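Below is one structure. I have some questions about it.
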Amino acid sequence: MRMEGKLATLRPMEVSDAQKFVQLINDEKTKEYLSLVFPMNQFLEEEWIKKNAISHNQANFSIEAGDNLIGSAGLMGIDWVARSAEYGIAIFDPNYWNKGIGTEVTQMMLRYAFEYLNLNRVWLRVFENNQRAIRVYEKCGFIQEGRMRQARYLKGQYFDVIIMSILADEYWRIKSDYQL
């Protein structure tokens, strides 16, 4: 499935994306907002894509802006009984931060989750120091539901991990606010 927005396109992840992802993921500015603190190499990234891009409980997409591969977004750990999944997005290329792409991609992924997969709940984890992402999630309808205190360590400092979610009925109420 390919999803087109005004600012970005979501398309199925391909093994050939690994080289660009590795280059972007290993950038120091990007690492601050990722769970992954170890260096990534192309072999590991290719293996991850082969195993995790699409499976019975995952759907991961590459994000493109124009002809540029800039990040990824996906639903992981899909629980088909509870109709719930964890959402993740990473715009690895800092040149595309603060341009509205994260909001648009999140809205497209929520449409996919609720309108195509018939999920009831989408949740996520975000580091408290990532205020830009928190604003995006709130704009898209996510509500803070919990906090894991000092669960993230980076460069000599501990940060809380915030748990946020959106339910299907909340999505349907605010969907008309989306710019898609």
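Tell me yes or no: at least one residue of segment 116-126 is more than 25 Å from Arg11 (Cα to Cα) and among the aliphatic types (A, V, I, L, M).
Scanning segment 116-126, I find no residue that is more than 25 Å from Arg11 (Cα to Cα) and among the aliphatic types (A, V, I, L, M), so the answer is no.
Another question, if that's okay. Inside segment 106-129, can you point out the residues that are out of contact with any strand residue (DSSP E or B) (no Cβ under 9 Å at 6 or more places or on another chain) and buried (at least 17 other Cβ atoms within 10 Å of the Cβ)?
Within segment 106-129, Gln107 is the sole residue that qualifies.
So which of Leu7, Leu34 is at pLDDT 90 or above and assigned to a loop (DSSP other than H, G, I, E, B)?
Leu7
Checking Asp93 against (1) charged (D, E, K, R); (2) out of contact with any helix residue (DSSP H, G or I) (no Cβ under 6 Å at 6 or more places or on another chain); (3) over 14 Å from Ile166 (Cα atoms): exactly one of these is not met. Which one?
For Asp93, the exception is condition (2).
Another question, if that's okay. Taking Glu46 and the conditions (1) acidic (Asp, Glu); (2) at pLDDT below 95; (3) surrounded by fewer than 16 Cβ atoms within 10 Å (Cβ to Cβ), which numbered condition does it fall short on, given that it satisfies the others?
Condition not satisfied by Glu46: (3).
Regarding Asp67, is this residue of a type in the set (Asp, Glu) and closer than 26 Å to Arg173 by Cα?
no
Restricting attention to strands (runs of 3 or more DSSP E) lying wholly within segment 68-180, give those where 3 or more residues are under 11 Å from the mean Cα position of the chain (by Cα).
Answer list for segment 68-180: 68-79, 84-91, 121-127.
Here are Gly77, Gly71, Gly66, Gly102: which of them is closer than 26 Å to Phe159 by Cβ, open to solvent by 20 Å² or more (accessible area, probe 1.4 Å) and modelled with pLDDT of 90 or more?
After ruling out the rest, the residue left standing is Gly77.
Now for a separate question. Does Pro94 satisfy being out of contact with any Leu (no Cβ under 6 Å at 6 or more places or on another chain) and either in contact (Cβ under 8 Å) with a residue 40 or more places away in the chain or buried (at least 19 other Cβ atoms within 10 Å of the Cβ) (or both)?
Criteria met by Pro94.
What tally of residues in segment 41-67 results from selecting those that are in a strand (DSSP E or B) and either within 16 Å of the chain's Cα centre (by Cα) or among the hydrophobic types (A, V, I, L, M, F, W, C) (or both)?
9
Moving on. Filter segment 149-180 for residues that are of a type in the set (A, V, I, L, M, F, W, C) and open to solvent by 80 Å² or more (accessible area, probe 1.4 Å); which is farthest from Leu124 (Cα to Cα)?
Only one residue fits best here, namely Leu180.
Which residue pairs have Cβ atoms under 6 Å apart, sit 6 or more places apart or on different chains, and have a first residue in segment 103-129 that is under 14 Å from Arg83 (Cα atoms) and a second that is open to solvent by 20 Å² or more (accessible area, probe 1.4 Å) and part of a loop (DSSP other than H, G, I, E, B)?
Note: pairs meeting the criteria are Leu119/Arg83; Asn120/Arg83.
The values are calculated or read from the model by the stated rules, or taken from the named source; none is laboratory data. As the structure is a prediction and not an experimental result, all values here were calculated from the model. With ideal geometry, Cβ positions are generated from the backbone for all residues, glycine too; neighbour counts draw on all protein chains shown. Ligands, DNA and RNA are excluded from the accessible area calculation, which covers all protein heavy atoms including side chains. Shrake-Rupley method; radii C 1.70, N 1.55, O 1.52, S 1.80 Å.
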